[in-house]
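Below is one structure; the comments refer to it alone.
A short reminder: the numbers here are calculations on the coordinates, not readings from a lab. Computed from a predicted structure; not experimentally measured. We place every Cβ from the backbone using ideal geometry, glycine too, and count neighbours over all the protein chains shown.
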Amino acid sequence: MGVIFLLSAQPSLDSGLGAIDLIGRKLVHFAEYALLCFLWWRAFATMTNPRRAALAAFLVASGYAATDELHQAFVEGRTGTPVDWAIDSAGAALVALRLRGRRPTRAAA
């Protein structure tokens, strides 16, 4: 979440590649919020069942996406949009739906 905040504080991440840049950044946003949801699910799944963990992880990731868009609205050269929030939340939702019936595996020591 700290990395997302730091990247959102940058004035512009535009590479000048037009549509390729736009689509690439949207795919990265989708993936980073999918990863964020997965990481929160791992944490929540230690305390509750996988279905509730998936819902809680989705809510945290989607809520953070909303605050990230608000943050970007105050950064010069950036904008915060509901469309970007929806893309971020879609990444989190995909992971949450996939994980809602799974149990986390324990890492070998």
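With a 10 Å cut-off between alpha carbons and a GNM built on the chain, which of GLY63, GLY80, GLY18 moves the most?
Looking only at GLY63, GLY80, GLY18, the largest GNM fluctuation is found for GLY18.
What's the angle, to the nearest 10 degrees (0 to 90), between helix 50-73's Cα axis and the longest principal axis of the chain?
20 degrees
So, with +1 on the Cβ of K and R and -1 on the Cβ of D and E, and no other charges, what is the size of the charge dipole of the stretch 1-63 about its Cα centre, to the nearest 20 debye? Could you put the intermediate results ahead of the total?
Values: 5 positive and 3 negative charges, 72 e Å.
It comes to approximately 340 debye.
Filter the chymotrypsin sites (Phe, Trp or Tyr not before Pro) in the stretch 49-102 down to the DSSP loop ones having no more than 13 other Cβ atoms within 10 Å, then list what survives. Present the calculation step by step, with values, prior to reporting the outcome.
On the way: sites: PHE58, TYR64, PHE74, TRP85; in loops: PHE74.
Those satisfying the criteria are PHE74.
Let me have the relative contact order for the chain, percent, based on Cα pairs under 8 Å that are six or more residues apart. Kindly include the intermediate steps, with their values, before the conclusion.
Values: 131 pairs, mean separation 38.8, N = 109.
So the answer I get is 36 percent.
Can you check what the Kirkwood hydrodynamic radius comes to for the chain, Cα pairs only, in Å to one decimal? Please list the in-between numbers first.
Values: mean 1/r = 0.0687 Å⁻¹.
14.6 Å is the Kirkwood radius here.
With +1 on each Lys and Arg Cβ and -1 on each Asp and Glu Cβ, and nothing else charged, work out how big the dipole of the chain is about its Cα centre, in Debye to the nearest 20.
Numbers: 11 positive and 8 negative charges, 190 e Å.
Value, rounded to 20: 920 debye.
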